[in-house]
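Report on the following structure.
The values are calculated or read from the model by the stated rules, or taken from the named source; none is laboratory data. Predicted model only: the values in this text are computed from it and were never measured. Neighbour counts run over all protein chains shown; Cβ positions are idealised from the backbone, glycine included. When the accessible area is computed, the model is the full protein with side chains, heavy atoms only, and any ligands, DNA or RNA have been set aside. Shrake-Rupley method; radii C 1.70, N 1.55, O 1.52, S 1.80 Å.
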There are 2 protein chains.
Amino acid sequence: MAKPHAGQETARKDFPVAQVRRYLEPGPIVLVSSSWQGRRNIMTLGWHTVLEFAPSLVGCMIWNGNQSFEMIRQSRECVINLPTASMVDQVVGIGNISGAAADKFTHFGLTAKAATHVAAPLIDECHAGFECVLHDDALVERYNFFIFEVVKAHVRPVPAHPETLHYTGRGVFMLAGRVIDKSALFRPDMLVE
Amino acid sequence: MAKPHAGQETARKDFPVAQVRRYLEPGPIVLVSSSWQGRRNIMTLGWHTVLEFAPSLVGCMIWNGNQSFEMIRQSRECVINLPTASMVDQVVGIGNISGAAADKFTHFGLTAKAATHVAAPLIDECHAGFECVLHDDALVERYNFFIFEVVKAHVRPVPAHPETLHYTGRGVFMLAGRVIDKSALFRPDMLVE
């Protein structure tokens with residue numbers, strides 16, 4: 001029996017874009033993939049926030065010193081990929097070399113998979129991939145802040161709460177921990193998403 | 001010997017504002033306190049992102065249905081307080097009642113402490129408190145997105161990595177987990193903050 005490709009043991013499924021907060025609000029490090037004029041790249045990103053459920057908006061501060069900045073600005077799209085803790089060495093590596101020096105998919109043994117709505121490739125090993133198109137560039141000049149709309153979400157159904165990586169600076173990551181359900185203390189209308 | 005006030009067992013100390021990413025980048029739920037025309041309020045917030053080291057900028061999406069929205073918009077300041085996991089029931093409670101119905105400091109037994117640069121009170125029980133002034137309101141109308149400058153930070157020195165709360169929707173929180181140091185894999189210039 002052939003060994004399945006890494007990350008394909010459990011196939012990713014379509015997921016409601018209005019619910020991507022479930023994965024992004026807790027603040028994980030994400031890998032942003034992009035494509036422009038025949039080149040592709042990946043960058044690490046920890047400075048992002050959910051902004052709206054529907055349309056599904058996510059704001060990302062992308063430093064303009066990154067190779068990815070101009071590629072995303074020009075193509076006006078990207079994929080936000082959610083790596084899990086097992087990928088920590090790849091995540092650190094991706095953040096510490098320049099896309100000008102190497103093709104990061106090849107260099108880090110990652111699988112580029114075609115997305116549905118954007119040219120930027122999905123990283124197949126990641127727990128989730130969110131296809132994004134630029135929704136508003138009003139703050140790109142002033143703060144390098146891109147507001148994206150998530151137009152399609154691919155999520156592995158299990159585990160429901162993947163062990164994600166949360167950067168705290170100085171090379172130190174906090175790993176996602178125990179999950180507690182406090183829904184019994186919420187007003188029903190607060191539990192819609 | 002008198003029992004110390006809650007939260008004062010280890011005093012909070014001044015902390016460099018350029019390093020608040022250490023606490024905010026991992027995506028914790030925060031409590032935003034505000035003050036306006038003799039009233040004070042607290043709201044929960046999970047939709048925030050670091051935007052810059054210096055000046056120390058943080059972007060926050062504050063829903064305009066919250067009582068706090070207008071108080072912060074008018075006063076142009078707030079405090080971002082960092083609660084730890086032991087405060088989870090208070091955090092949930094604060095997010096599930098309106099500031100119009102009760103004074104949340106009194107209702108939840110929290111200590112309001114005078115800040116240095118803003119009229120909004122610090123919540124003394126929290127691990128950290130970041131005094132913020134509104135830096136840019138360009139996206140407040142369109143996205144309820146406030147860009148604040150952190151002008152003073154108060155942080156309890158221990159523990160270095162407090163157990164924070166990370167909301168994932170539907171009443172479920174992820175608690176901060178194990179910490180791993182990967183600094184040996186970083187380029188030295190990537191470890192400045």
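If R0 is 25 Å, what FRET efficiency do you get for B:Thr106 and B:Ala160 from their C-beta distance, rounded to 0.05? My answer for the efficiency is 0.20. Solvent-accessible surface of protein heavy atoms, probed at 1.4 angstrom with all chains present, puts B:Asp181, B:Asp103, A:Asp124, B:Asp89 in the order B:Asp181, B:Asp89, B:Asp103, A:Asp124, largest first. Take every Cα pair under 8 Å whose residues are at least 6 apart in sequence, average their separation, divide by the length of chain B, and the relative contact order is 26 percent. Can you list, shortest first in nanometers, how far A:Phe53 lies from the same residue in the other copies, with each label 7 Å from Cα toward Cβ? Values, ascending and in nm: 3.8. How many square angstrom of accessible surface are buried between A and B, both sides summed, with a 1.4 Å probe and rounding to 100? Counting both chains, the buried surface is close to 5300 Å².
Kindly identify residues of the range A:155-174 having a loss of at least 40 Å² in accessible area between the isolated chain and the assembly of all protein chains, probe radius 1.4 Å. Listed by number, the residues meeting the 40 Å² cut-off are A:Tyr167, A:Thr168, A:Arg170, A:Gly171, A:Val172, A:Phe173, A:Met174. Relative to the other identical copies, B:Met190 shows label-point distances of 3.9 nm, where the label point lies 7 Å from Cα along the Cβ direction and values run shortest first. Here's how it looks for A:His135: its modeled amide H is under 5 Å from those of A:Ile147, A:Phe148, A:Glu149, which are all 5 or more places away or on a different chain.
Each other copy places its own label point for B:Arg142 at 1.0 nm from this one, sorted shortest first, where the point lies 7 Å along the Cα-to-beta carbon line.
Basic side chains Lys and Arg get +1 at the Cβ, acidic Asp and Glu get -1 at the Cβ, and with that the dipole of the range B:79-163 about its Cα centre reaches some 120 debye.
What is the list of residues in the range A:84-119 whose amide nitrogen lies under 14 Å from a point 7 angstrom out from the Cα of A:Gln37, following Cα to Cβ? So the set is A:100. Solvent-accessible surface of chain B, averaged per residue with a 1.4 angstrom probe and all protein chains in place: 41 square angstrom.
Taking 31 Å as the cut-off for C-alpha to C-alpha distance, list the pairs among A:Lys152/A:Lys182; B:Lys104/B:Lys152; A:Lys152/B:Lys152 that go past it. From the list (A:Lys152/A:Lys182; B:Lys104/B:Lys152; A:Lys152/B:Lys152), the Cα-Cα distance tops 31 Å for A:Lys152/B:Lys152.
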